[in-house]
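Have a look at the structure below before the remarks.
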Amino acid sequence: MKFDLDLKKIVLDLAERDQEEEWFEFKMNILKPDDIGGYISAISNSAALEGQPYGYVIWGIHNKTHEILGTNFNYNADVDNKSSEPLKHYLARQMSYDIGFDFNEISIDGKRIIVLVVPTAYKAPLAFQEIRFIRIGSSKERLSKYPERESQLFFALRNGYPSISNTESQYQDLTFDKLFVYYESKGVKLNRRTFKKNLGLLTENGKYNILAQLLSDDCRIHIGFTLFAGDTKTSTMYSTKEFGYTCILYALDKVLEYGEVLNIPQADERNRVVERKEIMLFNSDAYRETVINAFVHNQWVDGNAPMFTGFRNRLEILSRGKLPPKQTLEGFFAGESVPVNPDLSKIFIQLHITEHTGRGVPRIVEEYGKECVDFRENSITVTIPYERLDNNSNAPVDAPVDAPVDAPVDAPVDAPVNKSNSGDSIEDRILSFCVEAKGILEIADIDRKSVV
């Protein structure tokens, strides 16, 4: 085998995923030689777009159920009965350049599995029989039909996988006053002469990148927190809060603070002898870790923020994008951190927002189980259920039609929240407000009342 890869581990990880992705394909048995060549082109080009060092065509796994069944595919056979040319030679001869693909045979649970390892395209889009292919979902298509993806592929081949560090921001009139205030509040002094270089805010040609845009006084990105009165988005939308259009460090603080407002303390009268216990609506540590992960690992390069949604029975926190290259499902749940945005991750560590310990996901999973994480085609969603002590005190299924709705607010924030200097703690204010039982929709609105 040419490649130093643990193919068994890779195959098992890919089989655990909900669906095929652009850089790997499952098959059961024989494909026509020209179809295999088209897949090599498509998967090599798609691997470059996805930032993956390799793509794979795997025989012996059902493409719908991902069940490991085994295969009788013979990759050492000739192209056809009329020709004595081996399949591998035929495929290599038809490629626009030598990509160095390789067939490998492994055994999983006694089942024969064939793995075609396809290195990522590296100098130009790879073509088979002079046609460049790409993957759209699980389909193999001609690249020429998708000019936007073709442009993205050329960018990736020229600059590497698109990231917030190598992608130029469309906004170059950026200012960073809030960033300096935030750093000072954390006891870290930024050098105004060198901070752009030190924080990685410039592309190779000296232009502001997406990271600079995110840390600027106005990131130009909507970051919303929406509450629905029922269990789905078809129910009445009770409230929407805008936390974007500022430096994302401030936006992060505001989303974390809003979670504290929503996290209703509930008096637990069960088996009470002397003192009653207070049970929070959801685990605050899990919420904090989920929100921070959503910010630091979000695919900001597409111009979309994480999405925060509250329902009658749960919170949903969605971050854009997929698992980063070189990350596996096993590694994800084990806390083996592979940053999607390395430069942003370094800044979060420098400001002590995160630690480089990888314990965030294990904390969330310990509290709510692996099933709370949903891997979708282009996003990862974490669901945090509410722990209700008394269903009678729940908010109504549908709020009144004329319930107040917050208009988006883009007023500047002068300094990050510093709870130690703000008088009564938010917990004290909430407890005072909740002398009588309140629902989550009432709590969500207390920032407009004198209690806050």
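The values are calculated or read from the model by the stated rules, or taken from the named source; none is laboratory data. All values derive from a computational prediction rather than experimental measurement. Backbone-built Cβ (ideal geometry, glycine too); neighbour counts: all protein chains shown. Only protein heavy atoms, including side chains, enter the accessible area calculation; ligands, DNA and RNA are left aside. Shrake-Rupley method; radii C 1.70, N 1.55, O 1.52, S 1.80 Å.
A few notes on this one:
- Test for I347: is it within 26 Å of Y238 (Cβ to Cβ) and modelled with pLDDT of 95 or more: no
- Some residue of the stretch 82-100 being open to solvent by less than 30 Å² (accessible area, probe 1.4 Å), in contact (Cβ under 8 Å) with a residue 12 or more places away in the chain, small (G, A, S) and over 14 Å from L7 (Cβ atoms): yes
- Filter result (hydroxyl-bearing (S, T, Y) and out of contact with any helix residue (DSSP H, G or I) (no Cβ under 9 Å at 6 or more places or on another chain)) within the stretch 86-100: Y97
- Of the criteria (1) open to solvent by less than 30 Å² (accessible area, probe 1.4 Å); (2) farther than 30 Å from F3 by Cα; (3) assigned to a loop (DSSP other than H, G, I, E, B); (4) of a type in the set (A, V, I, L, M), which one L179 fails: (3)
- Restricting attention to the stretch 107-160 and to residues that are over 21 Å from E25 (Cα atoms) and at pLDDT below 90, the residue that is least open to solvent (accessible area, probe 1.4 Å) turns out to be A156.
- Cβ-Cβ contacts under 8 Å between residues 6 or more apart (or on different chains), taken from a first residue in the stretch 10-31 that is under 26 Å from L153 (Cβ atoms) and open to solvent by 10 Å² or more (accessible area, probe 1.4 Å) to a second residue that is basic (K, R) and part of a loop (DSSP other than H, G, I, E, B), are listed as D18/R376; E21/K322.
- Some residue of the stretch 246-257 being open to solvent by less than 20 Å² (accessible area, probe 1.4 Å) and either touching an Asp or Glu at 6+ places or on another chain (Cβ under 7 Å) or assigned to a loop (DSSP other than H, G, I, E, B) (or both): yes
- Figure legend. Inter-residue proximity from the stretch 202-213: first residues over 17 Å from V340 (Cβ atoms), second residues buried (at least 24 other Cβ atoms within 10 Å of the Cβ), beta-carbon distance below 8 Å, spacing 6+ or different chains. Indicated pairs: L202/A212; Y208/L201; A212/L201.
- The set of residues from the stretch 361-390 being open to solvent by 40 Å² or more (accessible area, probe 1.4 Å) and among the hydrophobic types (A, V, I, L, M, F, W, C) comprises F375, L389.
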